[in-house]
Amino acid sequence: IGRRSGGGTAADPGRGTAEPEMRGLYILLTLNNEGGMEVLKYSGRLCVQKPAIFYSKPVQLALSVFQAKKDHNYARFFSLLRSPSTPYLYACVMFKYVESTRKEALSIMSKTYGAKHKTTGEPHFDSYPLANLVHLLCYEDEDEARAACEHYGLTVKGDQVMWRHSKFSEQRDPVKGHIIPLKPRKMTRTIETKAAGATRLSVCRGGVSGEGSTLAGSGDDAAAVAAAAKARAERKKALEDAERKRKEENQKKLLAEARARELAMRAEMEKRRKEEELAARKALAETQR
């Protein structure tokens, strides 16, 4: 197989490294590990050790998905999922998080759209078009969106989700008591169309991996990314140096001010001592008379 996570030689450009794609896939597969800390540590090391890979499109796309999940931004997550620039393999891995993200989205929407006015008690938004929900959360059709709403206790009348009589809840198994998950349908409209009829072999060989997935034949691009990363590092260092210099100057200023206050205090104490000494001499002279 000509796709590897490292290597690639000028003698065999067809066997280029797929490291950018593989790194991005690893990030997508570990989004929830250690509460997201694994991705943060991994991307931090990658930025320092291999900036050209870190700033590649596949890795930056994976980090955008991570940020959307971290921020509970379901609209951004599904926007990235249906984006034409998101490759087929990346969309397949993102499918792993579709169920939990949809559940979180419906929970947030039920609280937001179903929020009641403080004085009247009426919901701010009483209904939401089911067609909009299909697009927002990448459902296959209105039937799937309606089934999801009913699964989570949200009322649907006709083609509208009614928040007035809805309360988000999760179904539980009556015997075992555990939460019953709602498995999403196969996402033919959103994900499978990205394959564009490619065979499994073609997918494995990077036929639908998207721009920037490999470094083969893109030495100029890699060099440009590396140069940009180097420039960012230099700017960061310059800013750090300027900040350090500013702190040193502030420290010197504070020390000088403290020294000046100390000298002024000593001068004042010396002045008082002399005045007291002069007063004592005058008093002694008066008594001797």
Straight-distance crosslink candidates among lysines, where the alpha carbon sits under 24 Å from Lys245 and sequence neighbours closer than 8 are dropped: Lys230, Lys236, Lys237, Lys253
With only Lys, Arg, Asp and Glu charged, each at its Cβ (+1 for the first two, -1 for the last two), find how big the charge dipole of the chain is about the Cα centre; round to the nearest 20 debye. 960
Please say if the chain is rounded, prolate or oblate, where rounded means a/c under 1.5 for a ≥ b ≥ c the square roots of the C-alpha gyration tensor eigenvalues, and otherwise the choice is prolate for a/b larger than b/c and oblate otherwise? oblate
Report the calculated FRET efficiency for Glu140 and Val175 (r = Cβ-Cβ distance, R0 = 30 Å), to the nearest 0.05. 0.45
Rounded to the nearest 10 Å², what accessible area does Ile180 show when all protein chains are kept and the probe is 1.4 Å? 60
5 angstrom amide H check on Thr155, placed H, neighbours 5+ away: Met162, Ser166, Lys167
Using θ = phi - 60° and the Karplus relation 6.51 cos²θ - 1.76 cosθ + 1.60, list the HN-Hα couplings for segment 177-191 in order, rounded to whole Hz, with x at every Gly or Pro. x, 7, 6, 8, x, 10, 6, x, 6, 4, 8, 5, 5, 9, 9
Amide H neighbours of Ser127 under 5 Å, counting only residues 5+ apart in sequence or on other chains, H built in-plane at 1.01 Å? Trp163
Carbon/sulfur fraction of accessible area - the chain, other protein chains in place, 1.4 Å, %: 55
Could you give me the ³J(HN,Hα) list for segment 146-156, computed from phi with Karplus coefficients 6.51, -1.76, 1.60 and θ = phi - 60°, whole Hz, x at Gly and Pro? 5, 4, 5, 4, 5, 4, 9, x, 9, 7, 10
Among all the lysines, which ones have a C-alpha under 16 Å from Lys183's C-alpha, if same-chain residues fewer than 8 places away are not counted? Lys96, Lys103
In whole Hz, the Karplus estimates of ³J(HN,Hα) for segment 93-100 (6.51, -1.76, 1.60; θ = phi - 60°; x where Gly or Pro) are 5, 4, 4, 4, 9, 5, 4, 5
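The values are calculated or read from the model by the stated rules, or taken from the named source; none is laboratory data. What you see is a predicted model; the values in this text were computed from it and never measured. Positions of Cβ are generated from backbone atoms using ideal geometry, with glycine treated the same way; all protein chains shown enter the neighbour counts. For accessibility, only protein heavy atoms count, side chains too; no ligands or nucleic acids. Shrake-Rupley method; radii C 1.70, N 1.55, O 1.52, S 1.80 Å.
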